[in-house]
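First comes the structure, then the notes that go with it.
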Amino acid sequence: MSSTSNETTAALAELDRLESEGLTAFETLTSIPDWEAARVVFLGLKQGRLKVAQEALKTLPGPDRKIYGQRFNAVKTALEVACETAKTKLDQSVVKTAVIGEDLTVPGTARGFGRRHPLTQTSEELIDIFGRMGFELARGPEIEDTFHNFEALNIPADHPAREPLDNFYLTPKTLLRSQTSTVQIRVMEATKPPIRVVALGRVYRPDAVDATHSFMFHQIEGLYVDRGVTMANLKSTLRQFAKSYLGQDVTVRFRPSFFPFTEPSVEVDMMWDSSGRWVEMGGAGMVDPNVLKAVGYDPDEVSGFAFGLGIERLCMRRHGIDDIRPFYQNDVRFLSQF
Ligand code: DAH
């Protein structure tokens, strides 16, 4: 091992310092201007510290130059690599900053809060009102079979309500349900009386769309089956409900009607406004003994009432809306009013 002069030892120590300071500098940079400045300090071709160190070679005694030269080349490579690496890292972070918009001086875009759809709000309130009267929530499928949509509701095969033109059949035996009365059957099949449930949801009928019709709308169905349930119970329940949802001053009337699954049946109307106009709220009646029998109940033991009301109509009466179509158009000017 050849020994070096004091001069060379000092120069080698200076190379070590240059290396460690240069590496630290390039590793801790945080901006392109800082990087540019460091590049000039360490690698600058005229005054850079590496250039100065290279010049120092000439002042060393001949035999030491090889040792110094090798070490110099290693330091030079290390600093050049560190310099390139730092540049790549900074370039990437600049791109990211631009993409995610971290410039805190750019004005933001205000976003409004969303809200629940008026029909959802109405449904929740109806569930709440009937809940306080002891009705539990029941659910049924929107794709139904003809047994639950018709047969079990005492609507025989030749009944006009089953017409293909009046229903959305998917197959000869399945359809989009045309009424939530289907859920009455599903609940009674699955439970024994006493039963007190409401079921809410979409129903589908191929009606032409106008101010009062839509091919899809929402119903709330009610069913109460127990010993000794009467028509008086039905009327007081619906009157009580109407007062709760529409206000104490609402007037409700019952007109004799016909539904295959209730006997007797009534049409339920509400007074729409001060002009004295009546608008149908839905249908109701005492559950037909045939329906009770079909689900295995004894009509001599229990009786029941049922009702089916249009949810859109209720919401329209409550808020003074005269057209059903805005419910389905997603116009924020309409929706933001609720
Ligand atoms: N399902 C009937 C309809 O959609 C409404 C209805 C009438 C429901 C009488 C009932 C009922 O539960 O008892 O037109």
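The values are calculated or read from the model by the stated rules, or taken from the named source; none is laboratory data. Just so it is clear, the model here is predicted, and its values are computed rather than measured. Using ideal geometry, Cβ is built from the backbone for each residue, glycine included, and neighbour counts are taken over all protein chains shown. Surface accessibility is based on the protein's heavy atoms, side chains included, excluding ligands, DNA and RNA. Shrake-Rupley method; radii C 1.70, N 1.55, O 1.52, S 1.80 Å.
At-a-glance table
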| read-out | value |
| --- | --- |
| When residues of segment 242-258 are limited to those that are open to solvent by 50 Å² or more (accessible area, probe 1.4 Å) and assigned to a loop (DSSP other than H, G, I, E, B), the one farthest from G222 (Cα to Cα) | D249 |
| Exclusive hit being assigned to a helix (DSSP H, G or I) and either closer than 30 Å to S336 by Cα or open to solvent by 80 Å² or more (accessible area, probe 1.4 Å) (or both), set V75, V81 | V81 |
| Contacts under 6 angstrom Cβ, first residue in segment 125-148 being touching a residue at least 12 places away in the same chain (Cβ under 8 Å) and closer than 22 Å to M216 by Cβ, partner of a type in the set (D, E, K, R) and not in a loop (DSSP other than H, G, I, E, B), 6 or more apart | G140/R186; E142/R202 |
| Condition met for L175 (more than 11 Å from the ligand (Cβ to nearest atom), open to solvent by less than 10 Å² (accessible area, probe 1.4 Å) and over 30 Å from D128 (Cβ atoms)) | yes |
| Residue list for segment 14-34, filter: over 15 Å from A78 (Cα atoms) and modelled with pLDDT of 95 or more | none |
| Residue match in segment 316-326 (condition: within 14 Å of the ligand (Cβ to nearest atom) and either part of a loop (DSSP other than H, G, I, E, B) or in the same structural domain as R253 (by TED's automatic domain parsing) (or both)) | no |
| Any pair with Cβ under 7 angstrom, 6 or more apart, that starts in segment 200-228 at a residue that is among the hydroxyl-bearing types (S, T, Y) and ends at one that is within 10 Å of the ligand (Cβ to nearest atom) and open to solvent by less than 60 Å² (accessible area, probe 1.4 Å) | Y204/R177; Y204/S178; Y224/G304; Y224/F305 |
